[in-house]
Amino acid sequence: MKRVPLSELERIYEALKNYGNVWVRKKNAYETAETPEELLSTVSKVKKPAKFILLPEEEPLLAFVQDGKNVTFQETIREAKGVIFGIPPCEAKAISLLDLNFLQGEGEDVYYKKRRENILLFGLACLAPDSRCFCTTFGYGPFTESFTDIFGVVVDDMLLFEGITEKGKDLVKNLDVEDAKGEELKKLEAMKKEITERVKKLDIQGIQEKLARMMDSEIWDRISSSCLGCGACTYYCPTCYCFDIQDVERPNWGYRLRTWDSCMFTLYTLEGSGHNPRPELKYRWRNRLMHKFNYYPVLYQEFGCVGCGRCIEVCPVNIDIREILMEVKNEPIRA
């Protein structure tokens, strides 16, 4: 593990700039850093997760132009290149889950892939988990480095960091920095234990199998009774990726647009025939919970939630996903 004084972050900043943009945590979102001093934000968790960089809210996929009887098409890929600096383990884990969906075999998404392969993740340990965090429920925690290219932690006035992937190791290798000292590493270990123990861990053992037997349960009426169907939970969730495709027509030209959508919206499942297989909010709530805690584990052997607590934070009626999971776990199955 390497070390660099916080007063000398300029050398890190200049090295990262060689990769393109350097996105850092600001008040509500990741934004481009203009100075080295912006690298170490005081914001522990931004409202808009890093998925806003990898999955734009609106994205033209191709353009078409008509000239008389001739129509020409041109594919457009919105690129993003650089380093997301300071990404916490929960968001890095979320990106690994998006990768499972967008980079698999025949279902590979070329638009997502182009951005993903040009973005390096420089993670930082989460030193201030809040009361809504429950990441340890899913087998990782505030100091998990596995999902990043480089992982670091601030210890006193030092940034300690190391390369995790080959891309990350190559970058670190080219930096003229010292090795971390023994007393710093010892303090780091103490920090890991103390901070990780702050995070609430839920017992959700068996939740996947339980949900599979609850398709017709009355619990969905209770869970959805206070929900407004606003979709805020899905928009700010770092792992949700529902989208819609629209063709926007103009005189003699147009474009195909991918836009964010939400499974919590009535129109999301409305078919051209007028039939809607999820006409009521309770069915949409069932689908949302099933997707994260049953369908995703079946497909990828991973839960589709990272325990960041954003859905709890943004919900206008204070729905708490942790309480719902416990309610599901304790709900009796009727024969």
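FYI, it's all coordinate maths here, none of it is from the lab. Please read these numbers as outputs of a predicted model, since none were measured by experiment. Heads up, the Cβs are rebuilt from the backbone with ideal geometry, glycines too, and the neighbour counts pull from every protein chain shown.
Kindly state, to the nearest 0.05, the FRET efficiency for Leu6 paired with Glu57, given R0 = 30 Å and r defined as their beta-carbon distance.
Calculated transfer efficiency: 0.30.
What is the range 85-238's relative contact order, in percent, from Cα pairs under 8 angstrom and six or more apart in sequence? Working shown, then result.
On the way: 156 pairs, mean separation 35.2, N = 154.
Relative CO of the range 85-238 lands at 23 percent.
By count of other Cβ within 10 Å, fewest leading, how are Met326, Met290 ordered?
Listing Met326, Met290 from fewest to most nearby Cβ atoms yields Met326, Met290.
Can you pull out the trypsin sites (Lys or Arg not before Pro) in the range 58-133 that DSSP calls coil and that have at most 16 other Cβ atoms within 10 Å?
In loop regions of the range 58-133 (DSSP not H, G, I, E or B), the sparsely surrounded trypsin sites (Lys or Arg not before Pro) are Lys69, Arg78, Lys81.
Please arrange Phe161, Phe73, Phe265, Phe147 by counting, for each residue, the other beta carbons lying within 10 Å of its beta carbon, fewest first.
Phe73, Phe265, Phe147, Phe161
Sequence gap at least 6, Cα distance under 8 Å: using those rules, report the relative contact order of the chain to the nearest whole percent.
For the chain, the relative contact order is 20 percent.
As a test, work out the antiparallel percent of DSSP beta bridges whose residues both lie in the chain, rounded to the nearest 5.
In the chain, approximately 75 percent of DSSP beta bridges are antiparallel ones.
Using every alpha carbon pair in the range 1-53, what percent of pairs falls into each 10 Å bin from 0 up to the bin containing the largest distance?
24, 49, 26, 1
Is the C-alpha gyration tensor of the chain telling us rounded, prolate or oblate? Criteria: a/c under 1.5 is rounded; beyond that, a/b larger than b/c is prolate, otherwise oblate.
oblate
How far, in nm, would the chain grow between Ala212 and Leu267 when pulled straight, counting 0.36 nm per residue and subtracting the alpha carbon separation? Don't skip to the end; give the middle numbers.
Working: separation 55, 0.36 × 55 = 19.80 nm, distance 2.53 nm.
Extra length from Ala212 to Leu267 when fully extended: 17.3 nm.
Which of the GluC sites (Glu not before Pro) found in the range 114-179 are loop residues per DSSP with 11 or fewer other Cβ atoms within 10 Å of their Cβ?
Qualifying residues, ordered by number: Glu117.
Which distance in nm do the two modelled labels at Glu313 and Asn330 give, with both placed 7 Å along the Cα-to-Cβ direction?
2.7
Going by average Cβ density within 10 Å per residue, which order do the peptides 217-228, 13-24 take, highest to lowest? Can you show the working numbers first?
Values: 217-228: 15.7, 13-24: 18.8.
Ranking, from highest mean packing down: 13-24, 217-228.
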